[in-house]
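Step one of this worksheet: look at the structure below.
The values are calculated or read from the model by the stated rules, or taken from the named source; none is laboratory data. Note that this is a predicted model, so its numbers are computed, not measured. Cβ coordinates were reconstructed from backbone atoms using ideal geometry, including for glycine residues, and neighbour counts include every protein chain displayed.
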Ligand code: BES
Ligand code: ZN
Ligand code: ZN
């Protein structure tokens, strides 16, 4: 049985025990200080603390008496450094605002993430317990963190331990946990069941390709289908990547990791939707039977694609999954993919690109993202660039003639496989923190799943 949760959450309990940890907005720090006794005022003055961040305050015996976190409590990640900064012990976060406590719980958990599964030493986590006297706040934050940890763990796990069969095992464990069903189409069965593109891209790997297909929820509910790019390692194929570009390509199943983390959020919250999660899982490997530049694939939809570049493999595996996703006419299809290097050139690595055939849905997700500190940015499905995918020998090529607007041409390629009447959203994500930010250690990261979850909650929860 796969362990769905290799990284345990930091300890957060619904309780009022522990050293008081006051959480105040920076602008209220002067008035908080004003109310303290002269000992505390003197201590704070002598440490040079200026009302920004954490300070721990002793009593007259030199024992820990209380702590203060003065911060921008409007920021979702305002407590993102809390776990790292607090000394070992038990603390009780105090604020008269529920939304501040929510952020404290969230930031504490997300900032305490450490991927130590492959460390032989230094595995002990810091013994900090945070208590918040609100069971609701604690349980919501835990579900959020657990979902983000699923995504981060999957991305951070080295490729040799995160091949298609491992993504399948995780998907099955998730289905089992929430009473859903998961099936896989594996290896040559992909050809029998007409997923030729997924099969062809993964053909050179010793790990058989899979189409993972998870269902959950009542069939009477509105149907939402999530699709995640599951390229377990992207060597580039015969158009092999230079070593610096290949170095972190274990993260190329980041889209799959995103939809599995998002599915966890949806299922834990019991959103009244009929959820389908599809993950085309392959390794883009090099071998004698690898697909080649110039080859033509007849895709599931019947559209023929000339391979211009074997490194543009993500759109290929996604196209068969998208074609299938249309068949049951869902209300919404959302895909996540580490699709292009061009997207991070356009938006930087910390802002996911979002494309949509529905401006309503796009605006809804963008707004939800702003409100929950999970920003996304819409890029255009600019039709005239479709001509850049013209092929001399097939219906289209998998790679535009010009590298400019690469995230857009990739999205336009995907759009060819979505029926016009279906609302579709595509996320081009980095799935990786290049630098450490509060609550966001370097390494695998979930980007946009909270924005989508909040949108779905607002739209579908009665
Ligand atoms: N997985 C990469 C895209 C990628 C690279 C995402 C680095 C995030 C960080 C994708 O399969 C790829 O190689 N895309 C090529 C497409 C090109 C050949 C048209 C790219 O972006 O260079
Ligand atoms: Zn690639
Ligand atoms: Zn890729």
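Quick notes on this structure:
- Residues satisfying the stated conditions in the stretch 300-318, i.e. within 15 Å of ligand 2 (Cβ to nearest atom), within 11 Å of residue 396 (Cβ to Cβ) and surrounded by fewer than 24 Cβ atoms within 10 Å (Cβ to Cβ): 308
- Residue check for residue 224: away from ligand 3 (no atom under 14 Å from the Cβ) and surrounded by fewer than 19 Cβ atoms within 10 Å (Cβ to Cβ): no
- Residue 257 surrounded by fewer than 24 Cβ atoms within 10 Å (Cβ to Cβ) and at pLDDT 95 or above: no
- Restricting attention to the stretch 342-353 and to residues that are within 16 Å of ligand 2 (Cβ to nearest atom) and buried (at least 16 other Cβ atoms within 10 Å of the Cβ), the residue that is nearest to residue 311 (Cα to Cα) turns out to be 342.
- Tallying residues that are touching a helix residue (DSSP H, G or I) at 6+ places or on another chain (Cβ under 7 Å), buried (at least 22 other Cβ atoms within 10 Å of the Cβ) and closer than 17 Å to residue 255 by Cβ within the stretch 140-159 yields 6.
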